[in-house]
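The values are calculated or read from the model by the stated rules, or taken from the named source; none is laboratory data. It should be emphasised that the depicted structure is a prediction, and the values quoted were computed from it without experimental measurement. Here the Cβ positions follow ideal geometry from the backbone for every residue, glycine too, while neighbour counts run over all protein chains shown. Just so you know, the surface numbers come from the protein's heavy atoms only, side chains and all, with ligands and any DNA or RNA stripped out. Shrake-Rupley method; radii C 1.70, N 1.55, O 1.52, S 1.80 Å.
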Amino acid sequence: MESHEVKAYGTEAVNVPLHSMHIKRRALLAHDVEIEILYCGICHSDLHQIKNDFGGTMWPIVPGHEIIGKVTRAGAHVEKFKAGDLAGVGCIVDSCGKCESCKDDLEQFCDEEVTFSFNSPDKYLGGSTYGGFSETYVCNERYVLHVPATLDLASAAPLLCAGITVYSPLKHWQAGPGKMVGILGIGGLGHVAIKIAKAMGAHVVVFTTSPSKVEDAKRLGADEAVLSTDAEQLKKYVRIMNFIIDTVSAKHDVNTYLNLLRHDGSLVLVGLPPEPLEIAAFSVVSGRHSFSGSNIGGISETQEMLDFCAKHNIRADIELINIQQINEAFARLQKGDVKYRFVIDMASLKTN
Ligand code: NAP
Ligand code: ZN
């Protein structure tokens, strides 16, 4: 099918720094919109993929799935958007629309395999989908979100992945008044989780390995913050948490946190440590605990999350960078040296 070239930043192999390149975007189909990308967040999943942590990276790769921009063109049959509208694209850009999961608005679990905004097979152009580290994005309007005008665009970009990834399990496991909700790891996902859980009315306890984040967690809205490397501090929380959202990106001991759950509590994994985690029998049989997981969220829930964040004035704490700083940003993200999300000002892509 017809296509045109746009500028992007990507790489062809592990350890090759990201650099300027050209990629193809398809000609608009009847239900497609074209978005000029204004801001794109940098998620740890982008880092996992450029390191090929999960073994499935398709090269070349152009990461980026926390996309906010303006609609520049709309296909002939587009109903939801017109040129000039603000628009967001997160992780999902296509699904079968027919299976039980899609009918339940859970496109992320589509039986036919969901198409992600980057590093998925591209049904139209062949090769793989290319993400938001680029000038434009083209996709079906069904997967495009309305961005409430009251949100600050740069600090709203991370909501498209980090926001929905924590909003969905917080809602599913019913964060709210009277609930002790734990957040494990204060990175991009964790810091937004604190704000959303608090806005839902829960009592929020944060578990962090970083001493510098203990005080900061309270500024972000946590009721209590615990240095998780200090076993003494953890003792106070044994058997009192209703559920804990685990956002940790590397292998860690989940048994420590399963033991903090009250009976019938859940440890909900959203982080994606590349190595398998080990669970001791007594961590789950005692107290009928569940070890569970959650993956982003469906399109309608993503819209609901954006509207919720606009209503409660929730935004990510960001460090805005130019695309030329992308490799330095990934190196810092690897070290946990960002408070709390890098967002790229995509206007910088025009300057080289
Ligand atoms: P991030 O900004 O790097 O935050 C991860 C946090 O985990 C760190 O800030 C750190 O928090 C903690 N951590 C890192 N290494 C650790 C270790 N070895 N032991 C204990 N704690 C450690 O990453 P992110 O963007 O929030 O993403 C977090 C994870 O979620 C990644 O694996 C990402 O791929 C995944 N993810 C999953 C989904 C999904 O839908 N399931 C969606 C998006 C992202 P402290 O300093 O507070 O300890
Ligand atoms: Zn992500």
Could you please find all residues in the range 82-127 being touching a helix residue (DSSP H, G or I) at 6+ places or on another chain (Cβ under 7 Å), assigned to a loop (DSSP other than H, G, I, E, B) and of a type in the set (S, T, N, Q)? Ser95, Asn119
Given the options Asp246, Asp223, Asp230, name the one that is farther than 20 Å from Pro177 by Cα and open to solvent by 30 Å² or more (accessible area, probe 1.4 Å). Asp230
Among the residues of the range 31-44, which ones are more than 16 Å from ligand 1 (Cβ to nearest atom) and either assigned to a loop (DSSP other than H, G, I, E, B) or out of contact with any Leu (no Cβ under 7 Å at 6 or more places or on another chain) (or both)? His31, Asp32, Val33, Ile35, Glu36, Ile37
Restricting to helices (runs of 4 or more DSSP H) lying wholly in the range 241-335: which have 2 or more residues that are touching a His at 6+ places or on another chain (Cβ under 8 Å)? 299-311
List the number of the failed condition for Ser266; all other conditions in (1) out of contact with any Gly (no Cβ under 6 Å at 6 or more places or on another chain); (2) surrounded by fewer than 20 Cβ atoms within 10 Å (Cβ to Cβ) hold. (2)
Just the residues that are among the basic types (Lys, Arg) and under 15 Å from Leu160 (Cα atoms), please, taken from the range 290-328. Arg315
Those residues of the range 300-321 which are within 16 Å of ligand 2 (Cβ to nearest atom) and open to solvent by 20 Å² or more (accessible area, probe 1.4 Å) amount to Glu301, Ile318
If you go through the range 75-94 one residue at a time, do you hit one that is under 26 Å from Val343 (Cα atoms), of a type in the set (Asp, Glu), surrounded by 15 or more Cβ atoms within 10 Å (Cβ to Cβ) and touching a Cys at 6+ places or on another chain (Cβ under 6 Å)? no
Quick test for you: out of Leu47, Leu28, pick the one residue that is away from ligand 1 (no atom under 15 Å from the Cβ) and either in a loop (DSSP other than H, G, I, E, B) or within 16 Å of the chain's Cα centre (by Cα) (or both). Leu28
